[in-house]
Amino acid sequence: MPKKTIFTAADAANPGKIGPALSRRSMLVGTGLALAAPALLAGRVRAAGDVMRFAHVYGETVLDAPASRVVSLGYTSQDPLLALGLRPLAVRQWFGDQPYGIWPWAQPLLGDAQPRLIAGEVSMEIVASLSPDLIVGVGSGITRAEYDILSQIAPVLMQPPERSTYGMRWDELTLMLGQAVGKPNEASALVARTRGAFAAAKDRHPDWAGKTGVCAYHFGGDTGAFVGPDTRASFLSELGFRRPAAIDAMPAPNSFYLNLSPEDLSPLDADILVWVSASNDAGAIAGIPLRKTLKAHRQGREVFAGALVAGALSFGSVLSLPYALDSLEADMVAALDGRPETRVASSEAAGLAP
């Protein structure tokens, strides 16, 4: 089983450190991508001396100096901030009962800090009371009216104009925040390390290249697949998997997920099928009438991502992605070994094994 990669405070102080599990090729691939990644910010961030200008969906934000007192209103922006060694003054609650809204992959970096937890609508009073010098609104869903009010409290960062509200990539966000807090080199190193982890996994499993993979859900009676820029879909593509042609051929009015007809789940019949669930109870998935008609089920190629791993996939951050990879890799290997009798631990424990 692969060694767990959980980032510690020491790692945050040295984000360029590459673990022994990464091959030289993987390290070079990850570093090369990170060195190229600042190009992603071209045209979005302009610096003149200490002044930084960030072009975004609501206009432009100007920082006269690197920020140090930051309120994190994005549902996942606390992760890259903590990875960069900055403990946010406040965190936006998304889902899950985690202390201060910080999940296990990031908790070691929080130390003794106790950020305010903002649940539901953004409280302008709470934000103002914290006297921040930067508010991160990327991935927060705040309106232009809310942005205008918050901008009277402190500069507000939003996603670039070409990105949807929740469509900014994890690497872009990490690099943007690295610029904003005066740690661009550290941000590039963090991106390189996460890219390197995926490159190393691809090196370990060259047979994965070109195979099909789907991250699926069953929620509220609906069954479907995560697609497009959704972090659960891109997790598999980062490892060399491609979506089944049947999924690609279907229209997806919502670019993040695709609901399927309960009478035809065949588009989910990929080489590997990862069930992503907000609960550790997979009873509802096990009870899907047509699931047992899928070859992926009959041949033991299902993997179950329960509440914690599903959270890591959903966050899709510079910290959570390596955690998800470490958690799922062994089961993915078992599911793809070509032998239906091989035990896939997560599937078996969840009652999904054939």
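The values are calculated or read from the model by the stated rules, or taken from the named source; none is laboratory data. This one's a predicted model, so the numbers in the text were calculated from it and none came from an experiment. Methodologically, a virtual Cβ is constructed for each residue, glycine included, from the backbone with ideal geometry; neighbour enumeration extends over all protein chains shown. For the accessible areas, the whole protein counts, side chains as well, though only heavy atoms, and no ligand, DNA or RNA atoms are used. Shrake-Rupley method; radii C 1.70, N 1.55, O 1.52, S 1.80 Å.
Kindly evaluate Asp64 against the criterion of being crowded, with 21+ Cβ neighbours inside 10 Å, out of contact with any Cys (no Cβ under 7 Å at 6 or more places or on another chain) and of a type in the set (Asp, Glu). Give the steps one after another, and end with the answer.
Working: crowded, with 21+ Cβ neighbours inside 10 Å: no; out of contact with any Cys (no Cβ under 7 Å at 6 or more places or on another chain): yes; of a type in the set (Asp, Glu): yes.
Here the answer is no, as Asp64 does not meet what is asked.
Just give me the residues in the range 336-354 being aliphatic (A, V, I, L, M) and either over 24 Å from the mean Cα position of the chain (by Cα) or surrounded by 24 or more Cβ atoms within 10 Å (Cβ to Cβ) (or both), in sequence order.
Of the residues in the range 336-354, the ones aliphatic (A, V, I, L, M) are 336, 344-345, 349-350, 352-353.
Answer for the range 336-354, where residues must be aliphatic (A, V, I, L, M) and either over 24 Å from the mean Cα position of the chain (by Cα) or surrounded by 24 or more Cβ atoms within 10 Å (Cβ to Cβ) (or both): Val344, Ala349, Leu352, Ala353.
Considering only residues of the range 200-223 that are open to solvent by less than 10 Å² (accessible area, probe 1.4 Å) and outside any strand (DSSP E or B), which is nearest to Glu263 (Cα to Cα)?
Trp208
Between a residue in the range 78-107 that is under 18 Å from Leu313 (Cβ atoms) and any residue that is buried (at least 24 other Cβ atoms within 10 Å of the Cβ) and basic (Lys, Arg), which pairs come within a Cβ distance under 8 Å, given they are 6 or more apart or on different chains?
Between residues of the range 78-107 that are under 18 Å from Leu313 (Cβ atoms) and residues that are buried (at least 24 other Cβ atoms within 10 Å of the Cβ) and basic (Lys, Arg), the close pairs are Gln78/Arg92; Gly101/Arg92.
Determine whether Ser317 is small (Gly, Ala, Ser), buried (at least 19 other Cβ atoms within 10 Å of the Cβ) and part of a loop (DSSP other than H, G, I, E, B). Write out each step before concluding.
Values: small (Gly, Ala, Ser): yes; buried (at least 19 other Cβ atoms within 10 Å of the Cβ): yes; part of a loop (DSSP other than H, G, I, E, B): yes.
Against the criterion (small (Gly, Ala, Ser), buried (at least 19 other Cβ atoms within 10 Å of the Cβ) and part of a loop (DSSP other than H, G, I, E, B)), Ser317 qualifies.
In this structure, is Asp171 within 20 Å of the chain's Cα centre (by Cα) and free of Cβ contacts under 8 Å to residues at least 12 places away in the same chain? Break it down into steps so the answer makes sense when it comes.
On the way: within 20 Å of the chain's Cα centre (by Cα): yes; free of Cβ contacts under 8 Å to residues at least 12 places away in the same chain: no.
Here the answer is no, as Asp171 does not meet what is asked.
Does the range 224-242 include one or more residues that are of a type in the set (Ser, Thr, Tyr), open to solvent by less than 50 Å² (accessible area, probe 1.4 Å) and outside any loop (DSSP other than H, G, I, E, B)?
Step one: of the range 224-242, the residues of a type in the set (Ser, Thr, Tyr) are 231, 234, 237.
Still in the list and also open to solvent by less than 50 Å² (accessible area, probe 1.4 Å): 231, 234.
Going one step further and asking which of them are outside any loop (DSSP other than H, G, I, E, B), we end up with 231, 234.
Yes; the residues of the range 224-242 include at least one that is of a type in the set (Ser, Thr, Tyr), open to solvent by less than 50 Å² (accessible area, probe 1.4 Å) and outside any loop (DSSP other than H, G, I, E, B).
Scan the range 81-127 for residues that are open to solvent by less than 10 Å² (accessible area, probe 1.4 Å), in a helix (DSSP H, G or I) and more than 20 Å from Ser327 (Cα to Cα) and jot them down.
Passing the criteria: Leu81, Leu82, Gly101, Val127.
I'd like the full set of residues that are open to solvent by less than 30 Å² (accessible area, probe 1.4 Å) and in a helix (DSSP H, G or I), limited to the range 243-265. Spell out how you get there, then give the answer.
Initially, the range 243-265 is screened for residues open to solvent by less than 30 Å² (accessible area, probe 1.4 Å), giving 244, 247, 258, 260, 265.
If the condition is that a residue be open to solvent by less than 30 Å² (accessible area, probe 1.4 Å) and in a helix (DSSP H, G or I), then Ile247 is the only one that fits.
What's the total number of residues in the range 323-335 that are crowded, with 21+ Cβ neighbours inside 10 Å and aliphatic (A, V, I, L, M)?
Of the residues in the range 323-335, 5 are crowded, with 21+ Cβ neighbours inside 10 Å and aliphatic (A, V, I, L, M).
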